[in-house]
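Notes for the one structure printed next.
The values are calculated or read from the model by the stated rules, or taken from the named source; none is laboratory data. Note that the structure is predicted; figures quoted are calculated from it, not measured. Backbone-built Cβ (ideal geometry, glycine too); neighbour counts: all protein chains shown.
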Amino acid sequence: MPVIKILPHAEYCPEGAQISAPSGTSICEALLDNKINIEHACDMSCACTTCHVIVREGLSSLNEAEETEEDLLDRAWGLEPNSRLSCQAFMGKQDVVIEIPKYTINHAKENH
């Protein structure tokens with residue numbers, strides 16, 4: 001089972017984390033299933049950018065981003081060439097390393 005390594009984030013996982021996720025699972029689902037409560041204001045429907053992550057390693061093992069995701073990413077804070085919406089990035093067979101950006105475009109946190 002592939003592993004997601006999450007780099008330290010002051011709010012969501014200060015020490016960083018390593019979690020396993022079956023192939024075909026979205027990064028967002030895997031984080032939430034492992035008590036890493038990343039924002040997901042649109043309930044993972046690809047309608048916001050609050051679950052934005054930066055894939056530091058393993059980007060090629062994820063599914064390709066579709067046009068809707070790419071259009072939304074233009075609004076994400078801290079956008080980088082290897083940015084993905086974690087609700088749309090599905091695990092392949094290889095490990096990935098992700099960074100959760102410090103900020104989102106949300107002014108108020110959703111209480112999921």
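At a glance:
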{"quantity": "Meets criteria (in a helix (DSSP H, G or I), hydrophobic (A, V, I, L, M, F, W, C) and without any contact (Cβ under 8 Å) to a residue 60 or more places away in the chain) for Leu72", "calculated": "yes"}
{"quantity": "Selected residue (criterion: surrounded by the most Cβ atoms within 10 Å (Cβ to Cβ)) from residues of the range 39-54 that are touching a Cys at 6+ places or on another chain (Cβ under 7 Å) and within 10 Å of Leu85 (Cα to Cα)", "calculated": "Cys51"}
{"quantity": "Residues of the range 7-58 satisfying the condition of being assigned to a strand (DSSP E or B), within 24 Å of Arg75 (Cβ to Cβ) and of a type in the set (A, V, I, L, M)", "calculated": "Val53, Ile54, Val55"}
{"quantity": "Filter result for Ser83 (closer than 16 Å to Tyr103 by Cβ, modelled with pLDDT of 95 or more and of a type in the set (S, T, N, Q))", "calculated": "yes"}
